[in-house]
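First the structure, in the form of structure tokens, and then the observations on it.
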Amino acid sequence: VIAFFQPKLLAGRRVLISAGPTFEPIDPVRGITNHSSGKMGFAVARAAREAGAEVTLVAGPVHLATPRGVKRIDVQTAQQMFDAVLPLAEQHEIFVATAAVADWRPAAVQLHKIKKDGSGSPPSLSMTENPDILASVAKLADSPFCVGFAAESEDVPKHGRAKLLRKGVPLIVGNIGPATFGLDHNALLLIDADGEREIPHNDKLSLARELVREISERFEKKTK
Ligand code: CTP
Ligand code: CA
């Protein structure tokens, strides 16, 4: 019912969204992941769909229902997310990277479960860096309008602005407030070339709707 009253700011636009954590296996029974719930990304998918967009959602392992009318692709690892997102990116006009992608993965996945060897000394894990999905999409010849999120534990404005420049994207969204993982509410800091704007504390769907308005405004300005 509420969806009906949302202005169709993204009518006919194609929006690609990455969401959730990734899971990087160590061996058949263990892996490395993080506390991302995927809630913000799924809320953005729902809000973009309400705004009339065709939405593709590439999701890491999360326990969330797919928003109505959204096309969902499930992946586990950062490499799988990269492999799913990159070929789709140029078919979309907007890419919102909400995923908490693991920065590193074990260099080799053990075929069998690693066993204690009785020595009392733990195994050492050799790690390798995962590809940066957002930076790679932003570098494409026909890249969509890219929006990044910044997960920081301190100084969101400083680190957020550094990411804006480093990744070459027009908009970075910082989570403000210390622990927002898994919660249903948050506050956001929008960082772009013009400055900063806060979207005050609210539930994630309200934040997502406001963010979709901000993204569509910037996207229209850019394409004019
Ligand atoms: N991101 C991505 N692929 C990665 C790492 C990050 O697409 N391998 C995206 C995230 O989805 C987010 C943005 O880049 O939109 C910033 O992620 P963040 O983890 O905050 O920044 P990093 O560049 O990974 O730097 P660091 O973790 O060291 O702060
Ligand atoms: Ca990171």
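Within the stretch 1-36, the set of residues being out of contact with any strand residue (DSSP E or B) (no Cβ under 6 Å at 6 or more places or on another chain), modelled with pLDDT of 95 or more and under 30 Å from residue 109 (Cα atoms) comprises 22, 27, 28, 29, 30.
The test for being touching a strand residue (DSSP E or B) at 6+ places or on another chain (Cβ under 9 Å) and under 19 Å from residue 37 (Cβ atoms) holds for residue 151. Listed by first and then second residue, the pairs with beta-carbon distance under 9 Å, at least 6 apart or on different chains, first residue in the stretch 131-149 and farther than 13 Å from residue 99 by Cβ and in contact (Cβ under 8 Å) with a residue 60 or more places away in the chain, second more than 11 Å from ligand 2 (Cβ to nearest atom) and among the basic types (Lys, Arg), are 144/14; 145/218; 145/222. Of all residues in the stretch 151-165, those being in contact (Cβ under 8 Å) with a residue 40 or more places away in the chain and either away from ligand 1 (no atom under 12 Å from the Cβ) or surrounded by 20 or more Cβ atoms within 10 Å (Cβ to Cβ) (or both) number 0. The residues of the stretch 146-171 that are of a type in the set (A, V, I, L, M) and part of a helix (DSSP H, G or I), listed by number, are 156, 162, 164, 165. Of all residues in the stretch 36-75, those satisfying the criterion of being closer than 19 Å to residue 137 by Cα and in a loop (DSSP other than H, G, I, E, B) are 60, 75.
Counting only residues that are more than 10 Å from ligand 1 (Cβ to nearest atom) and touching a strand residue (DSSP E or B) at 6+ places or on another chain (Cβ under 6 Å), the stretch 131-148 holds 2 of them.
Can you name the residue in the stretch 123-139 that is in contact with a helix residue (DSSP H, G or I) (Cβ under 6 Å, 6 or more places away or on another chain) and in a loop (DSSP other than H, G, I, E, B) and is also nearest to ligand 2 (Cβ to nearest atom) among such residues? Filtering the stretch 123-139 for residues that are in contact with a helix residue (DSSP H, G or I) (Cβ under 6 Å, 6 or more places away or on another chain) and in a loop (DSSP other than H, G, I, E, B), the one nearest to ligand 2 (Cβ to nearest atom) comes out as 130.
Kindly check whether there is at least one residue in the stretch 166-187 that is without any contact (Cβ under 8 Å) to a residue 24 or more places away in the chain, within 16 Å of ligand 1 (Cβ to nearest atom) and loosely packed, with under 14 Cβ neighbours inside 10 Å. Yes; the residues of the stretch 166-187 include at least one that is without any contact (Cβ under 8 Å) to a residue 24 or more places away in the chain, within 16 Å of ligand 1 (Cβ to nearest atom) and loosely packed, with under 14 Cβ neighbours inside 10 Å. On the basis of being under 15 Å from residue 77 (Cβ atoms) and either among the hydrophobic types (A, V, I, L, M, F, W, C) or at pLDDT below 95 (or both), does residue 108 make the cut? Taking the combined requirement at face value, the residue satisfies it.
A Cβ distance below 8 Å, combined with a sequence gap of six or more or placement on separate chains, defines the contacts here; from the stretch 94-121, residues that are assigned to a loop (DSSP other than H, G, I, E, B) and away from ligand 1 (no atom under 16 Å from the Cβ) reach no residue that is of a type in the set (Asp, Glu) and at pLDDT below 95.
The values are calculated or read from the model by the stated rules, or taken from the named source; none is laboratory data. This one's a predicted model, so the numbers in the text were calculated from it and none came from an experiment. Virtual Cβ from ideal backbone geometry, glycine too; neighbours counted across all protein chains shown.
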